[in-house]
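The next block holds one structure in the form of structure tokens; read it before the comments.
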Amino acid sequence: MTQIIDGKKISTQIKEELKEQVAAYKAQGKEICLAVIQVGNDPASSVYVRNKKNACEYIGIRSLAYELPQETTEAELLSLIAELNDRAEVNGILVQLPLPAQINEEKVLNAISPLKDVDGFHPVNVGALCIGKKGFVSCTPAGVIELLKRSGISISGKECVVVGRSNIVGKPMALLLLRENGTVTVAHSRTEDLKTVTRRADILVVAVGKPRMITADYVKEGAVVIDVGIHRDEKNKLCGDVDYPSVAPHCSAITPVPGGVGPMTIAMLMKNCVESVSV
Ligand code: GUN
């Protein structure tokens, strides 16, 4: 029987735990505050930002919303970030990506204080992850580790293959699996004979951004398959990077889309916010 990893249920558990922690902080007079900045009104970003604000409210985290116009200049955004870096009551700062073309994303992410970087995108936090030091970790890969742990799947000593090498998912995912003592391979669009590589995996994490690309012939019998992708297919139905109907019968465990990795990203953002109070 294939275990279907229920990200909705696990993320709800995490949010309940965080709610209790936040209440305990409040009892000590400590309030947690997240600043969320959106530039322009990309519809997908608006949905993500709304979900983040709702999660804050549910858990008891104060959120400050900055909705800036599409034509905001880089200097204006950098000046807002500088102000938020200086405000002691702001624990976390999140700039929703993507940013409009006139703004240099790297410059903006580097301007956020590493101590308030709850997205885990600042080079100081990425570097800390790389050398095994404490720091904020990118939320989606951190969510994948939490899903595996809370589903009773051990990583230590396992062949882990990550497909995708983005800065936000693929690279930190590989580092986190390594930190958990997995034997890690990172495959990507230039990998030769990808199927041979993915078929080695005991744990296969897919973050390629191509709808239903991973079919059953990419997967070893009994593997654990984690699907980070989210797309709308030609019938407007949500699907992942993995062709779930053909792959699921061959797995020992698999994440569905929706309801797998997706809900974990916000839960881990909330976890980073709660941790930000003690950095
Ligand atoms: N845009 C898409 N995913 C993310 C994310 O995890 N954080 C931010 N800030 N923007 C995003």
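The values are calculated or read from the model by the stated rules, or taken from the named source; none is laboratory data. Model, not experiment: these values are computed from the prediction. Glycine also receives a Cβ, built like all others from the backbone with ideal geometry; neighbour counts cover every protein chain displayed.
The set of residues from region 69-100 being among the polar types (S, T, N, Q) and within 14 Å of the ligand (Cβ to nearest atom) comprises just one member, Gln96.
Evaluation of Ile103 against the conditions (1) under 23 Å from Val274 (Cα atoms); (2) within 14 Å of the ligand (Cβ to nearest atom) shows that the sole unmet condition is (1).
Taking every residue in region 97-110 that is under 18 Å from Asn41 (Cβ atoms) and surrounded by 13 or more Cβ atoms within 10 Å (Cβ to Cβ) and pairing it with any residue that is modelled with pLDDT of 95 or more and aromatic (Phe, Trp, Tyr), at least 6 positions away or on another chain, the pairs with Cβ-Cβ distances below 9 Å are Leu97/Phe121. Selection within region 239-259: residues that are within 26 Å of Tyr58 (Cβ to Cβ) and within 16 Å of the ligand (Cβ to nearest atom). The member of this set that is surrounded by the most Cβ atoms within 10 Å (Cβ to Cβ) is Gly240. Screening the candidates Ile14, Ile4 for the property of being of a type outside the set (Lys, Arg) and in contact with a strand residue (DSSP E or B) (Cβ under 7 Å, 6 or more places away or on another chain) yields one hit, Ile4.
Table: residues versus (1) over 22 Å from Phe136 (Cα atoms); (2) part of a loop (DSSP other than H, G, I, E, B).
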residue: Gly152; (1), (2): yes, yes
residue: Ile155; (1), (2): no, yes
residue: Cys160; (1), (2): yes, no
residue: Met173; (1), (2): no, no
residue: Leu176; (1), (2): no, no
residue: Thr191; (1), (2): yes, yes
residue: Lys195; (1), (2): yes, no
residue: Pro211; (1), (2): yes, yes
residue: Pro263; (1), (2): no, no
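The criterion of at least 2 residues that are touching a Leu at 6+ places or on another chain (Cβ under 6 Å) is met by the following strands (runs of 3 or more DSSP E) wholly inside region 33-101: 33-39, 92-95.
Applying the set (1) of a type in the set (Gly, Ala, Ser); (2) within 20 Å of Gly229 (Cβ to Cβ); (3) away from the ligand (no atom under 13 Å from the Cβ) to Ser113 leaves exactly one unmet item: (2). For Asp42, the conditions (1) over 23 Å from Glu17 (Cβ atoms); (2) within 13 Å of the ligand (Cβ to nearest atom); (3) touching a Lys or Arg at 6+ places or on another chain (Cβ under 8 Å) all hold with the exception of (3). Checked against (1) under 20 Å from the mean Cα position of the chain (by Cα); (2) of a type in the set (Val, Ile, Thr); (3) farther than 20 Å from Ile10 by Cα, Ile254 passes all but a single condition, namely (3). In the set (1) part of a helix (DSSP H, G or I); (2) under 21 Å from Val228 (Cβ atoms), Glu16 fails one condition alone, (2). All of Glu71, Glu89 fail the test of being surrounded by fewer than 22 Cβ atoms within 10 Å (Cβ to Cβ), among the charged types (D, E, K, R) and either within 27 Å of Ala207 (Cβ to Cβ) or in contact (Cβ under 8 Å) with a residue 40 or more places away in the chain (or both), apart from Glu89. Applying the criterion of being within 15 Å of the ligand (Cβ to nearest atom) and assigned to a helix (DSSP H, G or I) to the residues of region 117-128, the residue that is nearest to Lys171 (Cα to Cα) is Val126. The residues in region 224-238 that are surrounded by fewer than 20 Cβ atoms within 10 Å (Cβ to Cβ) and within 19 Å of Ile10 (Cα to Cα) can be counted, and the count is 1.
When Ile153 is evaluated against the numbered criteria (1) buried (at least 23 other Cβ atoms within 10 Å of the Cβ); (2) within 28 Å of Thr185 (Cα to Cα); (3) among the β-branched types (Val, Ile, Thr), which criterion, by number, is the only one it fails? All conditions are met except number (1).
For region 129-150, residues that are of a type in the set (A, V, I, L, M, F, W, C), in a loop (DSSP other than H, G, I, E, B) and buried (at least 16 other Cβ atoms within 10 Å of the Cβ) total 2.
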